[in-house]
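Data block below; observations after.
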Amino acid sequence: MPHQPRKRVPALLVIDVQNATMAIAHRAAETVAVIAGLRERARAAGVPVVMVQDGAADGGVRPGTEGWLIVPELRPEEGEVVVRKDSPDSFLGTGLDGTLRALGVTEVVVTGFATEICVDTTARQALSHHYDLVLVADGHTTSVRPDRTPYAPPEQSVAHHNEIFRNLRFPGRSVRVLAAADVDFTAPATGSGPARQTPAPA
């Protein structure tokens with residue numbers, strides 16, 4: 001069945017930008033600044049902002065600790081929703097899907113940490129939950145690597161995932177990779193469908 005156009009209602013999703021994660025993140029300050037700018041623009045446009053906060057009692061970022069807190073530059077303000085999770089999937093066992101549906105959201109603009117894990121998993125799950133997707137090319141990051149490791153270097157990993165999503169096709173969904181400067185929260189709500197990929201810097 002052909003994809004039916006629908007009203008575009010975006011939400012900005014900020015994943016795991018917490019003190020502990022930013023302490024180990026590549027280009028942490030730059031990424032936080034990009035996300036903070038997007039949040040200001042989203043709020044000005046009346047677009048909902050949803051913060052996702054990771055924490056697991058059995059390890060990782062422990063709830064209630066200083067490391068668990070969202071970074072000061074992005075501390076939730078009045079009207080912003082915080083969704084707590086304990087797995088890489090921001091939808092699994094959380095109220096994220098219900099929150100987005102209650103807000104009438106049809107498209108998620110994804111930012112945060114870490115590129116290969118929570119950002120990638122949540123972005124794919126958003127598509128499976130019937131949301132269109134914008135991955136902000138310069139709005140997600142990953143951890144700093146030791147010199148000798150099987151992991152790809154951070155900048156290469158970010159570029160790799162941006163390229164994958166630029167070429168990802170998902171039936172009935174729009175998937176775009178945009179630089180933060182090209183994200184337009186005020187674009188006319190004329191519907192969304194399979195879209196051409198817009199080039200964006202890695």
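Here are some notes:
- Here the spin labels are modelled as points 7 Å beyond Cα on the Cα-Cβ line, and at T186 and R169 they lie 3.6 nm apart.
- Net charge contributed by nearby residues that have their C-beta within less than 11 Å of F165 (K/R +1, D/E -1): +2
- Relative contact order [Cα under 8 Å, 6+ residues apart], region 20-135, whole percent: 22 percent
- Applying the Karplus relation 6.51 cos²θ - 1.76 cosθ + 1.60 with θ = phi - 60° to region 75-92 yields 3J(HN,Hα) values of 3, x, 9, 4, x, 8, 8, 10, 10, 9, 9, 9, 8, x, 8, 5, 8, 6 Hz, where x marks Gly and Pro.
- Which of K7, K85 is most accessible, then next, and so on - probe 1.4 Å: K7, K85
- Net dipole in debye of region 7-148 [+1 Lys, Arg Cβ; -1 Asp, Glu Cβ; about Cα centre; nearest 20]: 220 debye
- Degrees separating the helix 28-44 axis from the principal Cα axis of the chain, which is the longest one: 40 degrees
- Selected from A33, A20, A44, residue furthest toward positive end of dipole (region 13-55; charges at beta carbon): A44
- Gained length - I24 relative to E73, 0.36 nm times residue gap less alpha-carbon distance: 16.0 nm
- The residues of region 104-196 present an accessible area of 44 Å² per residue when probed at 1.4 Å with all protein chains retained.
- Average projection area in nm² (convex hull over Cα atoms of the chain, one quarter of hull surface): 11.3 nm²
- For the options G64, G37, G104, a Gaussian network treatment of the chain with springs between C-alpha atoms closer than 10 Å singles out G64 as fluctuating the most.
- Solvent-accessible area, 1.4 Å probe, carbon plus sulfur percent, for region 1-136: 55 percent
The values are calculated or read from the model by the stated rules, or taken from the named source; none is laboratory data. Small disclaimer: the values here were computed from a predicted structure and weren't measured. Cβ atoms come from the backbone with ideal geometry, glycine included; neighbour counts cover every protein chain shown. Ligands, DNA and RNA are excluded from the accessible area calculation, which covers all protein heavy atoms including side chains. Shrake-Rupley method; radii C 1.70, N 1.55, O 1.52, S 1.80 Å.
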